[in-house]
1. Quickly work out the residue 157-to-residue 33 label distance, labels modelled 7 Å from Cα along the C-beta direction, and quote it in nm with one decimal.
2. Multiplying the sequence separation of residue 106 and residue 140 by 0.36 nm and subtracting their Cα-Cα distance, what value in nm do you get?
3. Using Cα pairs under 8 angstrom and six or more residues apart, how large is the relative contact order of the chain, in percent?
4. Students often check this: by mean Cβ neighbours within 10 Å, which of 105-112, 38-45 ranks highest, and how do the rest follow?
5. Ranking 77, 53, 157 by Cβ neighbours within 10 Å, fewest first, what do you get?
6. Based solely on its DSSP helices, what 222 nm [θ] is calculated for the chain when runs of n ≥ 4 H residues each add -39,500 (n - 2.57) and the sum is averaged over all residues, nearest 500 deg cm²/dmol?
7. Would you mind estimating how fast the chain diffuses translationally, via Stokes-Einstein at 37 °C and 0.692 mPa s with the Kirkwood radius over Cα pairs, in µm²/s?
């Protein structure tokens, strides 16, 4: 069994509904079990900032899928829910990113794990620290990475 952490985000339309739908699709996949879910956070955009605020959360899953198969499922969910990629870091109805897959370091054309920007993003590190503070990413505990950010910048919409 493989353990992975996924970051989910939405900043278009009914954001909560898109996140809920993505979680339901993940949960109904026969090779994926959601084991932990963070609170839902309202967050400022990152990268391209001239867009609506996001809602983000992190889920811990167990899966029998390999990393590329899991990536395929994540992208299938994005497509099923209507994601359109107009430009990098642009608005999206749903984003499902693989943050961590076991303790593996993966660098291939389609996937880089751990996610290359995760330690720079409050909307990843704070929810991840909520569900797994002792997890080590890039030789540092997630709870320590999370302390680099202004905890007040993220607004909890609903607790787990």
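Only the coordinates and a few stated rules stand behind these numbers; no lab work does. The shown structure was predicted, so the numbers you read here are calculated from the model rather than taken from an experiment. Note that each Cβ is placed from the backbone with ideal geometry, even for glycine, and that neighbours are counted across all protein chains shown.
1. Reported label-point gap for residue 33 and residue 157 is 2.8 nm.
2. On the way: separation 34, 0.36 × 34 = 12.24 nm, distance 1.82 nm.
Length gained, residue 106 through residue 140: 10.4 nm.
3. Details: 297 pairs, mean separation 49.2, N = 160.
With pairs under 8 Å counted, the relative contact order is 31 percent.
4. Details: 105-112: 10.9, 38-45: 18.8.
Final packing ranking: 38-45, 105-112.
5. Numbers: 77 23, 53 12, 157 16.
Lowest count first: 53, 157, 77.
6. On the way: 4 runs with 43 residues, N = 160.
The per-residue figure over the chain is -8000 deg cm²/dmol.
7. Rounded, D is 210 µm²/s.
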